[in-house]
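Trainee: Take this structure, written in structure tokens, and hold onto it; I'll ask about it next.
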Amino acid sequence: MTNSSTSPYGYTETLERNTGKFASFAVAFAFVSIATGIFTAYGSVLNTSGPLGIWTWPIVIVGQIAVALLLGSLAARIPVTGYAYQWVSRLANPILGWITGWISFTFLAIVVVAVDYTVAATVVPALFDFTGTPGTSFLITAGVMLLQALLVGLSTKWTERVNNFAVTAELIVMVALVVLLFIVGVIAHKLSVGNLFSHGDIPAEGYWSFGTATSAGPWMLGFLLGAFTIVGFESAANLAEETKRPEIVVPQAMWQAVLASGVLGFLFLLVVTAGVNDPTALAQSGTPIADVIRDILGSFVGTALLVFVAVGIFACGLVITMSGVRLVWAMSRDQRFPGWQVLHKVSPRFKTPLNATIAMFTTSAVILGVFSTSTDALFKLFSAATLLPAIIYAITVTLYIATRRKLPPSAGFSLGRWETPVIVVAVAWLVFALALFRDASFRDPWLYIAVMVAIGAVYLGYLLVTRGKDGLKMPGMASIDAELDAVK
């Protein structure tokens with residue numbers, strides 16, 4: 001049932017508040033999607049860091065859990081759709097909040113392309129045994145994106161049902177893969193512990209170097225695997241206005257998704273890497289994970305499991321689409337997104353932001369058309385999708401540190417005495433993560449960001465000229481406990 005009462009922070013609730021604990025966790029876990037991240041980035045890590053690069057994964061998990069805990073603290077106090085856009089608008093000012101919201105939109109618009117392109121470029125060719133081309137990858141990706149947009153635009157309930165099923169399947173399949181790869185690999189003598197410490201085709205000399213001003217060392221580039229995968233956990237906060245008891249449920253969903261993904265993902269990486277027959281040869285494959293699975297488990301079992309992996313990747317793109325739609329809708333509700341006059345509306349028939357869904361799909365389709373003409377489109381897409389969340393997290397965490405003493409209290413989630421250690425870990429990790437992107441190979445992702453920021457700057461200038469700074473003010477903050485109690 002739609003709640004038409006006034007929600008915290010001055011908004012009238014127009015979305016249905018039906019999302020429960022598992023659905024909230026499923027949204028965060030599906031966005032992270034270890035199947036998607038590992039299938040997408042594993043080949044790149046083999047080429048830049050060798051098999052030894054997987055040992056960067058645990059460090060990424062520690063850093064991202066710290067970030068998730070800090071963002072959870074914000075989500076508990078500002079449980080409003082629009083997440084980083086809403087948080088920064090209130091912690092700093094609406095101008096920086098708008099910039100953060102636009103960067104978030106830029107991230108979501110490209111990461112859904114990166115995720116769905118993974119299905120087209122790595123999974124489908126492995127399933128049907130053909131060599132993909134930019135043309136086939138474009139068509140398959142566009143078809144998957146359209147299906148996701150239809151689900152999101154026509155029914156939130158069915159979107160969550162599909163996602164819940166897919167997340168359950170991904171959890172079961174990833175656990176099954178770890179167990180089966182280990183047992184069959186041991187019996188068939190196809191696992192080699194030595195692989196876990198191999199440089200592959202990467203020279204040992206200078207391997208541990210931090211690099212130069214314009215290049216990162218080989219071991220540093222290994223962090224891209226985890227940095228690309230373990231992001232998007234904050235998507236649970238983008239459904240805050242549709243979640244029951246969001247001040248409790250959303251923060252838990254965020255850090256639990258990171259922890260579950262981190263542990264299961266690392267076990268999978270260990271057994272897959274140990275099962276590599278020839279690390280140097282595998283690095284040249286366009287479908288390295290699929291190759292290892294089929295080599296150890298055989299064609300039939302390997303194919304069956306790849307189908308479920310494809311389902312998990314589809315769910316990842318589905319959640320990203322839903323999160324992007326909610327952000328566009330939230331900024332349009334505040335009359336500060338291009339075309340807000342149309343995009344802020346909720347469909348009376350479907351009870352979803354249908355117009356915002358169409359806008360999100362159209363934007364991502366244009367991005368797909370631009371990137372898909374490149375032979376290394378997948379690397380460029382995943383690089384941009386790794387850089388952008390690091391920027392968003394850095395902005396948000398910095399403002400949390402600066403304003404945490406002024407935040408209203410929340411009984412839903414609090415770090416207490418652990419706040420300072422968590423902040424230290426989060427800051428150290430984000431500084432290190434951003435340093436990775438000085439490498440010259442990330443020129444195109446930086447160019448994409450520059451173009452999108454320039455487009456956003458033009459519209460922001462228009463808003464400031466037509467409304468003035470005062471016209472962009474956001475509702476104030478208050479105790480979320482008191483507000484939520486008042487609307488029960």
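Trainee: At pLDDT 90 or above and assigned to a helix (DSSP H, G or I), is that true of GLY37?
Mentor: The answer is no for GLY37.
Trainee: To continue, here is another question. Answer yes or no as to whether PHE128 is of a type in the set (Phe, Trp, Tyr), free of Cβ contacts under 8 Å to residues at least 40 places away in the same chain and within 29 Å of SER299 (Cβ to Cβ).
Mentor: Details: of a type in the set (Phe, Trp, Tyr): yes; free of Cβ contacts under 8 Å to residues at least 40 places away in the same chain: yes; within 29 Å of SER299 (Cβ to Cβ): yes.
So PHE128 passes the test.
Trainee: With the checklist (1) open to solvent by less than 50 Å² (accessible area, probe 1.4 Å); (2) modelled with pLDDT under 85 in hand, flag the one item PHE266 doesn't pass.
Mentor: Evaluating PHE266 over (1) open to solvent by less than 50 Å² (accessible area, probe 1.4 Å); (2) modelled with pLDDT under 85 leaves (2) as the failure.
Trainee: Quick check, is LEU239 in contact with a Lys or Arg (Cβ under 7 Å, 6 or more places away or on another chain) and assigned to a helix (DSSP H, G or I)?
Mentor: Yes, satisfied.
Trainee: Given (1) open to solvent by less than 30 Å² (accessible area, probe 1.4 Å); (2) within 30 Å of LEU181 (Cβ to Cβ), where does VAL307 come up short, assuming only one miss?
Mentor: (1)
Trainee: Related question: VAL366 passes all but one of (1) in contact with a helix residue (DSSP H, G or I) (Cβ under 8 Å, 6 or more places away or on another chain); (2) surrounded by fewer than 20 Cβ atoms within 10 Å (Cβ to Cβ); which number fails?
Mentor: Of everything listed in (1) in contact with a helix residue (DSSP H, G or I) (Cβ under 8 Å, 6 or more places away or on another chain); (2) surrounded by fewer than 20 Cβ atoms within 10 Å (Cβ to Cβ), VAL366 misses just condition (1).
Trainee: Something else: Starting from the stretch 344-357, keep only residues that are more than 13 Å from MET322 (Cα to Cα) and open to solvent by 40 Å² or more (accessible area, probe 1.4 Å), then list their pairs with residues that are at pLDDT below 95 and outside any loop (DSSP other than H, G, I, E, B) whose Cβ atoms are within a distance under 6 Å, requiring at least 6 positions of separation or different chains.
Mentor: HIS344/SER332; HIS344/ARG333; PHE350/LEU154; LYS351/GLU16
Trainee: For the structure I just gave you, tell me whether VAL231 is outside any helix (DSSP H, G or I) and either open to solvent by less than 50 Å² (accessible area, probe 1.4 Å) or modelled with pLDDT of 90 or more (or both). So that I can check it myself, show each step before the final result.
Mentor: Values: outside any helix (DSSP H, G or I): yes; either open to solvent by less than 50 Å² (accessible area, probe 1.4 Å) or modelled with pLDDT of 90 or more (or both): yes.
Taking the combined requirement at face value, the residue satisfies it.
Trainee: Examine the stretch 275-282 for a residue that is in a loop (DSSP other than H, G, I, E, B), polar (S, T, N, Q) and closer than 26 Å to PHE228 by Cα, and state whether such a residue exists.
Mentor: Within the stretch 275-282, one or more residues are in a loop (DSSP other than H, G, I, E, B), polar (S, T, N, Q) and closer than 26 Å to PHE228 by Cα.
Trainee: Please enumerate the residues belonging to the stretch 197-223 that are aliphatic (A, V, I, L, M), touching a Phe, Trp or Tyr at 6+ places or on another chain (Cβ under 8 Å) and either open to solvent by 30 Å² or more (accessible area, probe 1.4 Å) or part of a helix (DSSP H, G or I) (or both).
Mentor: MET220, the sole residue that qualifies.
Trainee: Let me ask something else. Exactly one of (1) closer than 25 Å to ALA114 by Cα; (2) among the β-branched types (Val, Ile, Thr); (3) assigned to a helix (DSSP H, G or I) is unmet by VAL249. Its number?
Mentor: Condition not satisfied by VAL249: (1).
Trainee: Being in contact with a Gly (Cβ under 9 Å, 6 or more places away or on another chain), on the phi > 0 side of the Ramachandran plot and surrounded by 24 or more Cβ atoms within 10 Å (Cβ to Cβ) narrows it down to one of GLY53, GLY37, GLY82, so name that one.
Mentor: GLY82
Trainee: Any idea how many residues of the stretch 431-478 are open to solvent by 50 Å² or more (accessible area, probe 1.4 Å) and modelled with pLDDT of 85 or more?
Mentor: Going through the stretch 431-478 one residue at a time, the tally reaches 19.
Trainee: Inside the stretch 48-65, can you point out the residues that are out of contact with any Asp or Glu (no Cβ under 8 Å at 6 or more places or on another chain) and not hydrophobic (A, V, I, L, M, F, W, C)?
Mentor: Taking the stretch 48-65 as the starting set, the residues that turn out to be out of contact with any Asp or Glu (no Cβ under 8 Å at 6 or more places or on another chain) are 48-49, 51-65.
Of everything in the stretch 48-65, those that are out of contact with any Asp or Glu (no Cβ under 8 Å at 6 or more places or on another chain) and not hydrophobic (A, V, I, L, M, F, W, C) turn out to be THR48, SER49, PRO51, GLY53, THR56, PRO58, GLY63, GLN64.
Trainee: So which residues in the stretch 133-161 are surrounded by 19 or more Cβ atoms within 10 Å (Cβ to Cβ), out of contact with any Ser or Thr (no Cβ under 8 Å at 6 or more places or on another chain) and closer than 25 Å to ALA236 by Cβ, if there are any at all?
Mentor: Matches in the stretch 133-161: VAL144, THR159.
Trainee: Sticking with this structure for a sec: Among the charged types (D, E, K, R), buried (at least 24 other Cβ atoms within 10 Å of the Cβ) and either more than 17 Å from SER323 (Cβ to Cβ) or modelled with pLDDT of 85 or more (or both): is that true of ARG90 in this structure?
Mentor: Working: among the charged types (D, E, K, R): yes; buried (at least 24 other Cβ atoms within 10 Å of the Cβ): no; either more than 17 Å from SER323 (Cβ to Cβ) or modelled with pLDDT of 85 or more (or both): yes.
No: the conditions fail for ARG90.
Trainee: Another question, then. Only one of these is at pLDDT below 90, open to solvent by 10 Å² or more (accessible area, probe 1.4 Å) and closer than 30 Å to THR466 by Cα: ASP291, ASP334, ASP376. Name it.
Mentor: None of the other options fit; the residue is ASP334.
The values are calculated or read from the model by the stated rules, or taken from the named source; none is laboratory data. All of these numbers come straight from a predicted model, not from anything done at the bench. Every residue, glycine among them, receives a Cβ derived from its backbone with ideal geometry; neighbour counts consider all protein chains shown. With ligands, DNA and RNA removed, areas are computed over all heavy atoms of the protein, side chains included. Shrake-Rupley method; radii C 1.70, N 1.55, O 1.52, S 1.80 Å.
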